[in-house]
1. Report the net charge of residues surrounding Val243, where surrounding means a beta-carbon distance below 14 angstrom and charges are Lys +1, Arg +1, Asp -1, Glu -1.
2. What distance in nm separates the simple spin-label points at Ala70 and Glu359, each placed 7 Å from Cα in the Cβ direction?
3. Taking a probe of 1.4 angstrom, what is the accessible area of Glu169 in Å², to the nearest 10?
4. How do Thr87, Thr266, Thr241, Thr321 stack up against each other in accessible area, from largest to smallest, with a 1.4 angstrom probe?
5. Provide Glu366, Glu239, Glu359 ordered by accessible surface of protein heavy atoms (probe 1.4 Å), highest first.
6. Net charge near Thr86: determine it from the other residues with C-beta under 12 Å of the C-beta of Thr86, scoring Lys and Arg +1 and Asp and Glu -1.
7. As a test question: what accessible area, to the nearest 10 Å², does His248 have when a 1.4 Å probe is rolled over all protein chains in place?
8. Please compute the length gained on full extension between Thr260 and Thr346, using 0.36 nm multiplied by the number of residues separating them and subtracting their Cα-Cα distance.
Amino acid sequence: MVTVKQVEDDNLVSKGAIPEQLKCPRFCFRDIRIPLYRFSSQSLLDDSPFEGHVCIPEDEQSALDSLLLAQWEDKMWKGVLRYDVTTSEIKVIFGRRKFIAQLNERLGMDYVPKPEPDKICGQGNLSEFQWTKHQEEFLFYVASGEMAIPELIPSAAMPDGAVLIIINEIPVEYGHVFLVPCGSDSLAQVLDTKSLEMVARFAVEINNCSFRLFYDCPTAGTSHRYFEACYFPSPLPVELTPVDTFFHEGRRGMRISAVTDFPIKTLLFESNKKFKRMVEVLVEICCQLQEKSIPYNLLISDCGKKIFLFLQMQNMANSGTLSAWECGGYFLFQSRSEFDQATEETMLNKLRDVSLDDEGFQVVKELCCSIADKFAA
C-alpha cells in the first residue's frame, strides 16, 4: 500500500526546454518539481530474513513497478523516445549458451548517452552534464522515507540523498532508464555504499523478476556515477550458469560464488539476511578493483537478491570494455548482416577477449574473502 500526499504546486516548472545542461548535484535541481517516491522506514535491506521475499506474480504489480512503467509508457506515447523499442528484432543465438542478440539499426554508434563535463556550475568544482535537454525526460525521484509505508508525492523538489530517474530516449529494452544519484558526493567516480543501497532497494521494491539494474565502472572520461535499468522478458545467459561457492557465512549469511564455465570472469553475491553488509562488502571490493585499474560491471537481478560482478582485463578502462548487459550475454547489432551471421563462437570470443585472466581472478577471489572476513569480524 502506498499513501499519496498531495503537495501544492504553484511553482511547478512548465514543460518544454530547460537549460542546455542538466545541472547536478542537488542545489542545481532546486527548481525542478516532479513526482517523489519515498521508501518506507522499514526495508528488506535491513537484517531481516530475505529468503521469504519472492517476486510478485506477473498479474500483480508493486506500487513502484506500476509507477515506473506508467511514467515510462506515458513518455513513450508522448513521443519522447526516438523509436519504438518493442519493434526491435530479438533472437537467441544457436548454441549451448543461449546468448541473446538484438537488431537495432536505429542506434547511433554512441547509443547510450554518457555524461560529459562542460563548465563550472554555481559553486566549487561542480560540473554540468549533458544528461538531457528537456525536463520531459525526468520521470521521478526516489528517496528514503520515515513513514511505515511508502509515500508518493505528486510534485516535490529533490530531497537530500535522492536518486533521479531519467528516461533513456534511445532505449536498449523496455523501460530503459538512468538512475542518477544526486547527493553531495555524486561527482565522485568511486562507487559508494549509499548509492548502491538505494538502487538495490529500488530493485527490491520494484519486485519484478524481469527488471535488471546495471552499473559500469566509470572510465577516465566519465565524471558522474549512474546506473541503468530495464526489463528483460527472459533470463540473461549468465543467470542460467552454474556457480561454485567459495565464501559462505551460513544459511542466512552472505555467499560469494564464482560463475563457472562462463567466458568472462564473474562473481555472484547473495545474502538471505545480512543484505546491507553484503552491499558494504561489495562496495569495498569495487573500490579496490578501481584502484588496481581493473574494469568491472554490476548486474542486479532476481528482485535484488543477486548481484553479479563482471571482471574485465586490467588496464582496459579507456578502450574496448563491454557494457554490463553484454557481459551478461545480451548483444546489440546495428547491421542486419552482422545480426544474421552472429554465432555463439563469435560471442564467446568477444567476452573472452576482455575477461580478466585466471591469475587475476584468483587474486580477486582472495581479496573478496579478505574483505568479507573483515566485515564479519
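The values are calculated or read from the model by the stated rules, or taken from the named source; none is laboratory data. Note that this is a predicted model, so its numbers are computed, not measured. Counting neighbours? That spans all protein chains shown, and the Cβs are built from the backbone with ideal geometry, glycine included. When the accessible area is computed, the model is the full protein with side chains, heavy atoms only, and any ligands, DNA or RNA have been set aside. Shrake-Rupley method; radii C 1.70, N 1.55, O 1.52, S 1.80 Å.
1. On the way: positive: Arg255, Lys265, Lys305, Lys306, Lys365; negative: Glu239, Asp244, Asp261, Glu270, Asp302.
After counting each charged neighbour, the total is 0.
2. Inter-label distance under the simple model: 5.7 nm.
3. Glu169 exposes around 50 Å² with every protein chain in place.
4. On the way: Thr87 85, Thr266 0, Thr241 25, Thr321 50 Å².
So the residues, ranked largest to smallest area, are Thr87, Thr321, Thr241, Thr266.
5. On the way: Glu366 105, Glu239 45, Glu359 145 Å².
Largest accessible area first, the residues go Glu359, Glu366, Glu239.
6. Numbers: positive: none; negative: Glu73, Asp84, Glu89, Glu173.
With Lys, Arg at +1 and Asp, Glu at -1, the net is -4.
7. 100 Å²
8. Values: separation 86, 0.36 × 86 = 30.96 nm, distance 1.94 nm.
The span from Thr260 to Thr346 would gain 29.0 nm if fully extended.
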